[in-house]
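Student: Here it is: the structure, laid out below.
The values are calculated or read from the model by the stated rules, or taken from the named source; none is laboratory data. As the structure is a prediction and not an experimental result, all values here were calculated from the model. Here the Cβ positions follow ideal geometry from the backbone for every residue, glycine too, while neighbour counts run over all protein chains shown. Side chains are part of the model used for accessible areas, which takes the heavy atoms of the whole protein and leaves out ligands, DNA and RNA. Shrake-Rupley method; radii C 1.70, N 1.55, O 1.52, S 1.80 Å.
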Amino acid sequence: QDRVNFGVVNFARLIGNVFNDYVQDGERHTDAPGLRNVTLVISSAGGESRTTTNSAGDYEIDDLPPGEYTVSVDPATLPPNYVFAADAVPVQIRPTATVVKDVPVRALRSIAGHVYLRRSSEEGEPARQPLSGVQIAANQISVTTDGEDRFVLHDLPAGDFRVTLVPAK
């Protein structure tokens, strides 16, 4: 009697791209650049694996056992002024399946400045008077100038903005 043994190979894998979510919508657009050398942490009840993105921001993990996983980013490996938009992204891996999971990260952009009231001095020269307590708005984010007339609008997506002074009355 001849006996033949067959092995079962797990072809499950997780692939994707870590990209700059410059539109801040969580979707990868064709012109969104990938980020290199970002470490991803793939966790399950059985432990965790790590992988690092290549020069195009792509990553791949082969031979994952089927199950529930979460994908997160090691924040120490992100470029300066970038953040991972979520705590962790859930992923379900099935046997012999390739799961594509792109991971959005966001560049933190800011607009900073001062608000002055411009008046002519008694000598006829222009003079600037700092204004504190003035509300500034851009992209549904608003801040108020501090006691030294300064403001900073944080966490803005890429693109053009209209920065406005919000009337007090």
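Student: Near P130, within a Cβ-to-Cβ distance under 15 Å, what is the net charge of the other residues, with Lys and Arg +1 and Asp and Glu -1?
Tutor: Combined, the nearby Lys, Arg, Asp and Glu give +1.
Student: Can you give the extra length, in nm with one decimal, that the chain gains between H114 and V83 once fully stretched, where that is 0.36 nm per residue apart less the Cα-Cα distance?
Tutor: Extra length from H114 to V83 when fully extended: 8.5 nm.
Student: Can you tell me which of E27, E60, E125 moves the most in a GNM of the chain? Springs connect C-alpha atoms under 10 Å apart.
Tutor: Most flexible of the set in this elastic network: E125.
Student: Take the Cβ-Cβ distance between H154 and T98 as r, set R0 to 45 Å, and report the resulting FRET efficiency rounded to the nearest 0.05.
Tutor: 0.75
Student: Return P(r) of the chain (all Cα-Cα pairs; 10 Å bins starting at 0; whole %; ordered from short to long distances).
Tutor: Bins of 10 Å from zero give 9, 27, 21, 16, 13, 8, 4, 2, 1, 0, 0, 0 percent of pairs.
Student: Round to a whole number: what % of the accessible area of the chain belongs to carbon and sulfur, probe 1.4 Å?
Tutor: Reported share for carbon and sulfur atoms: 47 percent.
Student: Using a Gaussian network model on the chain with a 10 Å cutoff between Cα atoms, which of H154, H114, H29 fluctuates the most?
Tutor: The residue with the greatest mean-square fluctuation here is H114.
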